[in-house]
Amino acid sequence: MTIDPEAVAGESTSATDAAASGAPTTDAELVDAMTLPGVPDEFQRLWTPHRMAYISAGREPMEKNCPFCAAPDKSDEDGLIVARGKTAYVLLNLFPYNSGHLLVCPYRHIATYDQATDEEVAEIGALTQRGMRVLRAVSNCDGFNLGMNQGAIAGAGVDAHLHQHIVPRWASDANFFPIIAKTKALPQLLGDVRRTVSEAWDA
């Protein structure tokens with residue numbers, strides 16, 4: 001198959017003329033970005049509209065409506081839940097640091113680790129181990145960050161409900177995005193990650 005350069009140039013020119021005149025364009029047409037509104041610069045844009053729910057909510061709704069108390073009442077898909085235990089459950093972080101970022105939460109609304117019962121501590125630990133094994137199997141990660149931020153002063157986004165982070169890490173995932181642009185590039189959608197991890201959980 002050959003491509004006629006003049007034909008391609010003609011399509012590009014037609015698309016540019018259409019954009020300049022305000023006429024509608026189709027997906028097949030090329031549009032010169034310089035003809036669109038706005039001031040161009042050297043930056044690339046990584047659109048993350050899912051974060052708007054977090055930004056617009058602020059802290060007050062989070063404090064009054066605990067997302068970790070609400071999640072178990074939803075379907076696994078809507079609550080991003082991967083596995084349910086007797087005293088604790090596992091779900092995906094809605095605002096992940098990396099793809100596969102899991103949270104292990106007790107069902108009870110408790111704020112800090114020292115308030116957990118022996119049974120809750122044991123199950124949180126067992127679910128954490130299981131989560132690590134599953135993530136290693138499905139994503140070939142090289143390591144993990146595990147941790148609990150206890151209280152708002154320690155960095156907890158939802159400080160009223162205890163939760164443990166399981167963050168998979170890869171040797172090749174280091175880049176300057178988080179440092180310079182405060183941006184994380186996530187290659188998988190949350191729904192796809194939840195389905196993959198959930199299916200592997202009981203395998």
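Residues that are over 24 Å from residue 121 (Cβ atoms) and modelled with pLDDT of 75 or more: does the stretch 40-55 have at least one? No, the conditions are met nowhere in the stretch 40-55. Listed by first and then second residue, the pairs linking a residue in the stretch 92-114 that is among the β-branched types (Val, Ile, Thr) to a residue that is crowded, with 17+ Cβ neighbours inside 10 Å and part of a loop (DSSP other than H, G, I, E, B), with Cβ atoms under 7 Å apart and 6 or more places separating them unless they lie on different chains, are 104/163; 110/116; 110/162; 112/162. Taken together, 158, 134, 121 contain a single residue that is part of a helix (DSSP H, G or I), in contact (Cβ under 8 Å) with a residue 60 or more places away in the chain and of a type in the set (A, V, I, L, M), which is 134.
Of the residues in the stretch 94-109, at least one is at pLDDT 55 or above, touching a Cys at 6+ places or on another chain (Cβ under 7 Å), within 30 Å of residue 154 (Cα to Cα) and assigned to a loop (DSSP other than H, G, I, E, B).
The values are calculated or read from the model by the stated rules, or taken from the named source; none is laboratory data. Nothing here was measured: the structure is a model prediction, and the numbers come from that model. Positions of Cβ are generated from backbone atoms using ideal geometry, with glycine treated the same way; all protein chains shown enter the neighbour counts.
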